[in-house]
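Visitor: Take a look at the following structure, please.
The values are calculated or read from the model by the stated rules, or taken from the named source; none is laboratory data. Computed from a prediction, not measured in an experiment: that's the story for all the values here. Don't worry about glycine lacking a Cβ; one is built from the backbone with ideal geometry, like all the others, and counts go over all protein chains shown.
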Amino acid sequence: MSGSHKVPKIKVRVIGEFIPEYKSEHAAGCDLCASVEQSVVLQPGAYSVIPTGIRIEIPPGYEAQVRPRSGLAAQHGIGVLNGPGTIDADYRGEIKVIIFNFGRESFTIKRGDRIAQLVFSAVVQVDFAPVQSLSPTGRGKGGFGHTGT
């Protein structure tokens with residue numbers, strides 16, 4: 001089936017030097033770049049909070065998730081320590097990324113390097129209803145691999 005599918009867009013205001021960019025037509029994530037003054041060397045097993053130099057204004061009803069870049073993970077063992085990290089619509093501070101070196105070699109982050117990706121999502125808030133019991137299911141309390149490997 002051919003034809004183009006328009007992806008819905010929201011307006012996100014941004015302040016900063018390295019404006020996030022989508023690198024392909026249907027990309028879900030846009031890249032976040034390192035806004036470091038000097039290169040940061042991450043030793044194996046180490047982490048660092050890396051500034052991106054940007055602040056954003058997300059419309060109410062949405063959030064942004066900071067996620068690892070698959071290429072950095074596959075090629076260097078680099079990930080986002082609290083991934084995904086959540087940026088709420090009412091946060092106005094600088095976006096910073098906690099980068100972790102899961103790899104076996106040191107990894108250098110330089111100014112302008114693409115270090116993570118930002119994915120936007122609609123938010124649903126719930127009204128919690130305190131009860132004494134929950135309705136039964138076939139699964140019940142089974143978790144953590146109860147269906148096998």
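Visitor: Examine the range 89-101 for a residue that is within 17 Å of residue 20 (Cα to Cα), among the polar types (S, T, N, Q) and either surrounded by 12 or more Cβ atoms within 10 Å (Cβ to Cβ) or touching a residue at least 40 places away in the same chain (Cβ under 8 Å) (or both), and state whether such a residue exists.
Guide: Within the range 89-101, not a single residue is within 17 Å of residue 20 (Cα to Cα), among the polar types (S, T, N, Q) and either surrounded by 12 or more Cβ atoms within 10 Å (Cβ to Cβ) or touching a residue at least 40 places away in the same chain (Cβ under 8 Å) (or both).
Visitor: Just give me the residues in the range 102-114 being out of contact with any Leu (no Cβ under 8 Å at 6 or more places or on another chain), crowded, with 16+ Cβ neighbours inside 10 Å and in contact (Cβ under 8 Å) with a residue 60 or more places away in the chain, in sequence order.
Guide: Result: 113, single match.
Visitor: Out of (1) buried (at least 19 other Cβ atoms within 10 Å of the Cβ); (2) closer than 26 Å to residue 8 by Cβ; (3) without any contact (Cβ under 8 Å) to a residue 24 or more places away in the chain, what's the single condition that is false for residue 117?
Guide: Exception for residue 117: condition (3).
Visitor: Also, I was wondering about something else. Residue 83: surrounded by 12 or more Cβ atoms within 10 Å (Cβ to Cβ), under 10 Å from the mean Cα position of the chain (by Cα) and in a loop (DSSP other than H, G, I, E, B), yes or no?
Guide: Yes, satisfied.
Visitor: Still on this structure: Looking at the structure I just gave you, is residue 79 among the small types (Gly, Ala, Ser) and within 23 Å of residue 8 (Cα to Cα)?
Guide: no
Visitor: If we keep just the residues of the range 126-149 that are at pLDDT below 95 and either under 30 Å from residue 87 (Cβ atoms) or surrounded by 10 or more Cβ atoms within 10 Å (Cβ to Cβ) (or both), which is farthest from the chain's Cα centre (by Cα)?
Guide: My answer is 142.
Visitor: Which pairs have Cβ atoms under 6 Å, sit 6 or more apart or on different chains, and link a residue in the range 33-44 that is more than 18 Å from residue 103 (Cα to Cα) to one that is part of a loop (DSSP other than H, G, I, E, B) and of a type in the set (Gly, Ala, Ser)?
Guide: Pairs that qualify, where the first residue is more than 18 Å from residue 103 (Cα to Cα) and the partner is part of a loop (DSSP other than H, G, I, E, B) and of a type in the set (Gly, Ala, Ser), are 33/112; 35/53.
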